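Okay, structure first, notes after.
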Amino acid sequence: MRDASVSERLLDWYDGHARDLPWRVGPAARRADERPDPYRIWLSEVMLQQTTVAAVKAYFQRFTTLWPTVGDLAAAEDTAVMGEWAGLGYYARARNLLKCARIVAGDLGGHFPDTREGLAGLPGIGPYTSAAIASIAFDRPETVVDGNVERVISRLHAVETPLPAAKPELTALADAHTPQVRPGDYAQAIMDLGATICTPRSPACGICPLMDMCVGRAEGIAATLPRKSPKKAKPVRRGVVYVGRRADGAWLVETRPQSGLLGGMRGWPGSDWAEAVPDHAPPADAKWAEAGEVRHTFTHFHLILDVMIADDLKEPRRGRFLPSAEFRPSDLPTVMRKAFDLASGQLGTVEQQSNGSV
DNA sequence: CAAACGTGGCA
DNA sequence: TTGCCAAGTTT
């Protein structure tokens, strides 16, 4: 196949099949010279890292309503931003989002760099995101290589080398297809193709604009690509959390350390998490009772969390009391919200249940 | 380079 | 229930 033909096919297909997304300037508007807002492209791209479009939409709407410009975001309280990110996962993204916003709003005068080189290296902006912003927001001919592109290109060229070893080869192949015309639309086109036609399971090869060019399809192995190295099994870890409130209803919460799992997020005090529940002390004296257990799976381990509840907390040894009016379950990362949901269903009857104090 | 880093949907 | 997967980055 000739390199130019792939991009021409994809751009023609995109003109008729582009997804309508909240952060996107569609092909028709783009032809009318409407430009994407770099802030919105950056925000959406960071949210979309390892995250589905469906999950991102509501968060994107909320963030852009609360903080319409990078200056607004840069001026926000850390706690507010982390709370709004809660539930989306990979919380280092939110910490880096704030760092990046403050660099752009400060040293860079409120303007995002308009080249891949200028973007790369800003907090949370790696090889993919720098290329995505440069191409989509600034129409630079940079090559995006995300999971969609890896899938499309590995099938198109029948690359059987497993990922991640195949990444350099796939990047080189993808780069050869990137056009000088409409590079921003092209980047979105190839990702849309991967998301809607060249899907991980049961690809719709019969309606694919690249059907007759696809070597993987010709060889009958398209659906099995890309190959991936085997993954490690997830171990089980165990721990305890204490979901407690003071007599006036204030909740005992803490902010987790800025680095590591759930870094910078609000959570319930508790033990560390390990193969066996580590030795620990409750965060405050109270008549703690067992509410049950919560199961949650992280990227690299399963967690079984024993949830303790009490509503008669004394002076805490750790954490701080958050007045009931300031507490929002939606500010919690999902595992902590699960613990809250379990606890809140029982806290009304904690007095009857509790007979073992700690 | 391997590992850490979240979550929800789907087969 | 289990494993795979989603617009990756950082250490």
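The values are calculated or read from the model by the stated rules, or taken from the named source; none is laboratory data. Because the structure is predicted, anything quoted here is derived from the model rather than measured. Neighbour counts are summed over all protein chains in view; Cβ atoms, including those assigned to glycine, are modelled from backbone coordinates with ideal geometry.
Quick one: A:Tyr186 ticks every box in (1) within 12 Å of DNA strand C (Cβ to nearest atom); (2) more than 14 Å from A:Trp42 (Cβ to Cβ); (3) of a type in the set (Ser, Thr, Tyr) bar one, so which box is it?
(1)
Checking A:Leu210 against (1) in contact with an Asp or Glu (Cβ under 6 Å, 6 or more places away or on another chain); (2) farther than 28 Å from A:Leu303 by Cα, which single condition isn't satisfied?
Of everything listed in (1) in contact with an Asp or Glu (Cβ under 6 Å, 6 or more places away or on another chain); (2) farther than 28 Å from A:Leu303 by Cα, A:Leu210 misses just condition (1).
Sort out which residues of the range A:140-166 are of a type in the set (S, T, N, Q), buried (at least 19 other Cβ atoms within 10 Å of the Cβ) and not in a helix (DSSP H, G or I), and write them in order of number. If you could, list the steps in order and put the result at the bottom.
Residues of the range A:140-166 that are of a type in the set (S, T, N, Q), as a first pass: A:143, A:148, A:154, A:161.
Cutting the leftovers down to buried (at least 19 other Cβ atoms within 10 Å of the Cβ) gives us A:143, A:148, A:154.
The answer is A:Thr143, and nothing else.
Any chance the range A:66-82 includes a residue that's closer than 29 Å to A:Glu8 by Cβ and not basic (Lys, Arg)? Reasoning before the result, please.
Pass one, the range A:66-82, residues closer than 29 Å to A:Glu8 by Cβ: none.
No, the conditions are met nowhere in the range A:66-82.
Inspect all residues belonging to the range A:263-273 and state whether any of them is at pLDDT 95 or above, surrounded by fewer than 19 Cβ atoms within 10 Å (Cβ to Cβ) and on the phi > 0 side of the Ramachandran plot.
Checked the range A:263-273: no residue is at pLDDT 95 or above, surrounded by fewer than 19 Cβ atoms within 10 Å (Cβ to Cβ) and on the phi > 0 side of the Ramachandran plot.
Sort out which residues of the range A:246-258 are assigned to a strand (DSSP E or B) and either in contact with a helix residue (DSSP H, G or I) (Cβ under 7 Å, 6 or more places away or on another chain) or closer than 25 Å to A:Ala289 by Cβ (or both), and write them in order of number.
The answer is A:Trp251, A:Leu252, A:Val253, A:Glu254.
Check whether at least one residue in the range A:227-245 is buried (at least 18 other Cβ atoms within 10 Å of the Cβ) and part of a loop (DSSP other than H, G, I, E, B), and report yes or no.
The answer is no; no qualifying residue exists.
Step by step: first the residues of the range A:170-207, then only those that are more than 26 Å from the chain's Cα centre (by Cα) and not in a loop (DSSP other than H, G, I, E, B), then the one that is farthest from DNA strand B (Cβ to nearest atom). Which residue is that?
In this case the residue turns out to be A:His177.
For A:Lys287, all conditions in the list (1) free of Cβ contacts under 8 Å to residues at least 40 places away in the same chain; (2) among the basic types (Lys, Arg); (3) away from DNA strand B (no atom under 16 Å from the Cβ) hold save one; what is the number of the exception?
(1)
Within the range A:167-174, can one find any residue that is crowded, with 16+ Cβ neighbours inside 10 Å, assigned by TED's automatic domain parsing to the domain that holds A:Ala218 and touching a residue at least 60 places away in the same chain (Cβ under 8 Å)?
No, the range A:167-174 contains no residue that is crowded, with 16+ Cβ neighbours inside 10 Å, assigned by TED's automatic domain parsing to the domain that holds A:Ala218 and touching a residue at least 60 places away in the same chain (Cβ under 8 Å).
Whether any residue in the range A:327-335 is closer than 14 Å to A:Trp251 by Cβ, modelled with pLDDT of 95 or more and away from DNA strand B (no atom under 12 Å from the Cβ) is what I want to check.
Yes, the range A:327-335 contains at least one residue that is closer than 14 Å to A:Trp251 by Cβ, modelled with pLDDT of 95 or more and away from DNA strand B (no atom under 12 Å from the Cβ).
Suppose we filter A:Gly292, A:Gly267, A:Gly239 for residues that are over 26 Å from the mean Cα position of the chain (by Cα) and touching a residue at least 12 places away in the same chain (Cβ under 8 Å); which single one remains?
Values: A:Gly267 fails: over 26 Å from the mean Cα position of the chain (by Cα); A:Gly239 fails: over 26 Å from the mean Cα position of the chain (by Cα).
One residue alone meets the criteria, A:Gly292.
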